[in-house]
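Enquirer: Structure below; questions to follow.
The values are calculated or read from the model by the stated rules, or taken from the named source; none is laboratory data. This structure is a prediction, so every number in the text was calculated from the model and none was measured. Using ideal geometry, Cβ is built from the backbone for each residue, glycine included, and neighbour counts are taken over all protein chains shown. Only protein heavy atoms, including side chains, enter the accessible area calculation; ligands, DNA and RNA are left aside. Shrake-Rupley method; radii C 1.70, N 1.55, O 1.52, S 1.80 Å.
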Amino acid sequence: MTLALRHRPLLGAVSAEWVRLRSVRSTWAGLAAALALTLLVAPGTALALATNMDNGLVPAVEIPASEAALNAIVWAAQFAVVGVAVVFVTAEYVNGAVHFSLQAVPVRRRLLAAKAIVLSTVVAAAAVVMTVAGTLLAHALLSHPLLGDHGTLKLSDAVPDVLRAIVHLVTIALIGLGFGSALRSTATALGAVFLLILGLPAILVMTGADVLLPYLPLVGGISLMDGALIMGPPPEATGSPLSGLVVLMSWAICALTVGTLVLEHRDA
């Protein structure tokens, strides 16, 4: 590992962070929780939709099953992913391992970059699993004859939705990583991210500042997903998928920038 760090410092740092991420039980517990939430909420969304169609509460149309999975990711799974991202960095401050990490990788921005690369790769793979599993389970319900056979499962719908889920979860994870690096406390960082994602939109709605909603990660994610099944603000409060992507990426860049600055200028 020392030789790798000497000649290929970023590659060596990435290798070390991969070992650290996969060796922590909270990583697999968090990803398992995200998958479980997807498998719970996606079919629940499909069942509620099919029931409303059968009862005449909403128009009876064919709905891509993958949109039920996207709804589960936005309103449930992403919070488990945030937990994985935050703990990935804050756990080192709790157990003191950050001192060893900084000795091995003295260029601090390189250490955070390695964490971001490893986290993004793992979350992207997990997003594929979650979206595919949630889609298949939702389709099994939506296409059942007893529920009206409303669901569709087409690659032309599913592949873009999987890509949207990957981008959404990766950017949300990077936001969590940035907050964790800046705040260094698991509870404080989780509270701050949850406030940003859930609390701030509610505050803006209650104070009549709805005009700011499209610039928040929650609404940006909903805009990116661009799904008819995703619960959220009225259509006029959301933007295009491209605008949602810009919002999420902007928050991720800002969070990582602040996290890097704190890491570089504050003692561990």
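Enquirer: Take the residues in region 243-265 that are over 15 Å from K115 (Cα atoms) and among the hydroxyl-bearing types (S, T, Y), then tell me which one is nearest to the chain's Cα centre (by Cα).
Expert: S250
Enquirer: Would you confirm whether any residue within region 42-60 is among the aliphatic types (A, V, I, L, M), buried (at least 24 other Cβ atoms within 10 Å of the Cβ), in contact with a Gly (Cβ under 9 Å, 6 or more places away or on another chain) and modelled with pLDDT of 90 or more?
Expert: Checking region 42-60: at least one residue is among the aliphatic types (A, V, I, L, M), buried (at least 24 other Cβ atoms within 10 Å of the Cβ), in contact with a Gly (Cβ under 9 Å, 6 or more places away or on another chain) and modelled with pLDDT of 90 or more.
Enquirer: Can you tell me which of T121, T90 is over 12 Å from the mean Cα position of the chain (by Cα), hydroxyl-bearing (S, T, Y) and open to solvent by 10 Å² or more (accessible area, probe 1.4 Å)?
Expert: T121
Enquirer: Could you please give the count of residues in region 14-33 that are closer than 11 Å to A80 by Cβ and not in a helix (DSSP H, G or I)?
Expert: 0
Enquirer: So, one more: Is it the case that region 175-197 has a residue that's closer than 18 Å to L248 by Cα, free of Cβ contacts under 8 Å to residues at least 60 places away in the same chain, of a type in the set (G, A, S) and in contact with a helix residue (DSSP H, G or I) (Cβ under 8 Å, 6 or more places away or on another chain)?
Expert: yes
Enquirer: Taking the stated definitions as given, is L200 in contact with a helix residue (DSSP H, G or I) (Cβ under 7 Å, 6 or more places away or on another chain) and either part of a helix (DSSP H, G or I) or free of Cβ contacts under 8 Å to residues at least 24 places away in the same chain (or both)? Walk me through it before giving the result.
Expert: Numbers: in contact with a helix residue (DSSP H, G or I) (Cβ under 7 Å, 6 or more places away or on another chain): no; either part of a helix (DSSP H, G or I) or free of Cβ contacts under 8 Å to residues at least 24 places away in the same chain (or both): yes.
So L200 does not fit the description; no.
Enquirer: Does region 220-240 contain at least one residue that is surrounded by fewer than 19 Cβ atoms within 10 Å (Cβ to Cβ), in contact (Cβ under 8 Å) with a residue 24 or more places away in the chain and closer than 24 Å to L177 by Cα?
Expert: No, because not a single residue in region 220-240 is surrounded by fewer than 19 Cβ atoms within 10 Å (Cβ to Cβ), in contact (Cβ under 8 Å) with a residue 24 or more places away in the chain and closer than 24 Å to L177 by Cα.
Enquirer: Within region 139-157, is there a residue that is touching a helix residue (DSSP H, G or I) at 6+ places or on another chain (Cβ under 6 Å) and of a type in the set (V, I, T)?
Expert: No: region 139-157 contains no residue that is touching a helix residue (DSSP H, G or I) at 6+ places or on another chain (Cβ under 6 Å) and of a type in the set (V, I, T).
Enquirer: Tell me which residues, restricted to region 215-226, are more than 10 Å from P241 (Cβ to Cβ) and part of a loop (DSSP other than H, G, I, E, B).
Expert: Matches in region 215-226: L216 only.
The rows are residues; the columns are (1) surrounded by 20 or more Cβ atoms within 10 Å (Cβ to Cβ); (2) touching a Pro at 6+ places or on another chain (Cβ under 7 Å); (3) aliphatic (A, V, I, L, M).
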{"residue": "A126", "(1), (2), (3)": "yes, no, yes"}
{"residue": "L137", "(1), (2), (3)": "yes, yes, yes"}
{"residue": "S143", "(1), (2), (3)": "no, no, no"}
{"residue": "L174", "(1), (2), (3)": "yes, no, yes"}
{"residue": "G191", "(1), (2), (3)": "no, no, no"}
{"residue": "I197", "(1), (2), (3)": "yes, yes, yes"}
{"residue": "I203", "(1), (2), (3)": "no, no, yes"}
{"residue": "T207", "(1), (2), (3)": "no, no, no"}
{"residue": "L213", "(1), (2), (3)": "yes, yes, yes"}
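Enquirer: Something else now. Need at least 3 residues that are in contact (Cβ under 8 Å) with a residue 60 or more places away in the chain and β-branched (V, I, T) per element, so show me which helices (runs of 4 or more DSSP H) inside region 34-132 make the cut, counting only ones lying wholly within it. Give the steps one after another, and end with the answer.
Expert: Values: elements: 66-72, 78-95, 98-104.
It comes to 78-95.
Enquirer: In region 17-37, what residues are open to solvent by 30 Å² or more (accessible area, probe 1.4 Å) and either modelled with pLDDT of 95 or more or hydrophobic (A, V, I, L, M, F, W, C) (or both)?
Expert: Taking region 17-37 first, the residues open to solvent by 30 Å² or more (accessible area, probe 1.4 Å) are 18-20, 22-26, 28-29, 32-33, 35-37.
Hits for region 17-37 are W18, V19, V24, W28, A29, A32, A33, L35, A36, L37.
Enquirer: Another one. Could you go through region 229-236 and let me know if any residue there is out of contact with any strand residue (DSSP E or B) (no Cβ under 8 Å at 6 or more places or on another chain), part of a helix (DSSP H, G or I) and over 30 Å from R109 (Cα atoms). Outline the logic, then answer.
Expert: The first filter runs over region 229-236 and keeps only residues out of contact with any strand residue (DSSP E or B) (no Cβ under 8 Å at 6 or more places or on another chain), leaving 230-236.
Going one step further and asking which of them are part of a helix (DSSP H, G or I), we end up with 235-236.
Remaining after also requiring over 30 Å from R109 (Cα atoms): 235-236.
Yes - at least one qualifying residue is present in region 229-236.
Enquirer: A further question follows. As an exercise: evaluate N52 against (1) within 23 Å of the chain's Cα centre (by Cα); (2) over 20 Å from S120 (Cα atoms) and give the number of the one condition it does not meet.
Expert: It fails just one condition, (1).
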